[in-house]
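For reference, the structure is listed below as C-alpha cells.
The values are calculated or read from the model by the stated rules, or taken from the named source; none is laboratory data. This is a predicted model, so every value here is computed, not measured. For neighbour counting, all protein chains shown are included, and Cβ atoms are generated from backbone atoms with ideal geometry for every residue, glycine included.
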Amino acid sequence: MIEYLFSPYESYSWTDILLEVLGVAFGLLSVIFSKKNNVLVYPTGMISTAIFVCLLFKFGLLGDMMINAYYFIISIYGWYIWTLKVDPIHVTPITYTTKKEHKISVLIFLASIVFVTIVYHVFDKWTSWTAYVDTITTAIFFVGMWLMAKRKVENWLYWIVGDLISVPLYFYKGLTLTAIQYLIFTIIAYFGYRAWIRYQNNSVIKA
C-alpha cells in the first residue's frame, strides 16, 4: 500500500517534493493556528498557498490553484479583519453566520462554479472527472475562506466537506503528501469547529 501511494514520487523532481513538503508543513501550521483563533493563520497560510500555486499549475489542477491564489489575496483581508478593533480593547469577535451572510455564501458558491468552469473551458482542461470535482471543491473552499476571514463559526463546516472530497482527489492525482495533509485538515477542522463554538459561547457569556 505504501509503495502504491508513494510510487508517483519516483517521477517527481526533488524540487517538487521539497516544495510539497514545505507547503504541507506551513499548511498544517496555518490550520492549527486557525483552530487556536490565532492571527498567525494568515502569514503561515500565505507561504503555503504561494508554494501550492506553483505546484498545482504544474499538475493541471487549475481550480485548486485558484483556491490558493484566492486564499493568498483574501488572507490580506482576513488579516485586517482579525486585527481590527471593534473597541479600544477587543478585536473582531467570532460569531455565527447571519441570514444575509448565508445568502452571500450561496452567491459566492455559484459564482465560483461559473468562474472555474469558464477557466477550464478557456484552458481546455475538461479532460478528466477530476476537473468536475475540482470545480466543486473550489466553490466550497471559496465560501469557507470568506467565512473564515469574517470569523464565522460555520467556516469550519465548509472546510470539513471540502477536505473530505480533496483526500481521494489528491491520492488519485499522485500527490500523496497533499492528500494526507487534507485528511489531517479534516480532523483539525472538526476540532476547530468545536473550539470556535466554545469561543463564541464564552464571548456571549462574558458580554
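So is residue 51 β-branched (Val, Ile, Thr), in contact (Cβ under 8 Å) with a residue 40 or more places away in the chain and crowded, with 16+ Cβ neighbours inside 10 Å or not?
On the way: β-branched (Val, Ile, Thr): yes; in contact (Cβ under 8 Å) with a residue 40 or more places away in the chain: no; crowded, with 16+ Cβ neighbours inside 10 Å: yes.
Against the criterion (β-branched (Val, Ile, Thr), in contact (Cβ under 8 Å) with a residue 40 or more places away in the chain and crowded, with 16+ Cβ neighbours inside 10 Å), residue 51 does not qualify.
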Checklist entry - Checking residue 97 against (1) within 19 Å of the chain's Cα centre (by Cα); (2) in a helix (DSSP H, G or I); (3) at pLDDT 90 or above, which test does it fail? => result (2)
Next on the checklist: Which numbered condition in (1) surrounded by 16 or more Cβ atoms within 10 Å (Cβ to Cβ); (2) out of contact with any strand residue (DSSP E or B) (no Cβ under 7 Å at 6 or more places or on another chain); (3) part of a helix (DSSP H, G or I) is the only one that residue 125 fails?
Outcome noted: (3)
Checklist entry - Which one is modelled with the highest pLDDT, of the residues in the stretch 165-184 that are within 12 Å of the chain's Cα centre (by Cα) and closer than 17 Å to residue 35 by Cβ? => result 182
Item to check | Lone unmet requirement of (1) crowded, with 16+ Cβ neighbours inside 10 Å; (2) at pLDDT below 90 for residue 44 | outcome: (2)
Checklist entry - Which condition does residue 187 not pass, out of (1) touching a residue at least 12 places away in the same chain (Cβ under 8 Å); (2) closer than 22 Å to residue 149 by Cα; (3) within 16 Å of the chain's Cα centre (by Cα), if it passes all the others? => result (1)
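Only one residue in 118, 113 is assigned to a helix (DSSP H, G or I), out of contact with any helix residue (DSSP H, G or I) (no Cβ under 6 Å at 6 or more places or on another chain) and within 27 Å of residue 170 (Cα to Cα). Which one? Walk me through how you get there before you give the answer.
On the way: 113 fails: out of contact with any helix residue (DSSP H, G or I) (no Cβ under 6 Å at 6 or more places or on another chain).
Going through 118, 113 in turn, the sole match is 118.
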Next on the checklist: Among the numbered criteria (1) free of Cβ contacts under 8 Å to residues at least 12 places away in the same chain; (2) closer than 30 Å to residue 169 by Cβ, which one does residue 99 miss?
Outcome noted: (2)
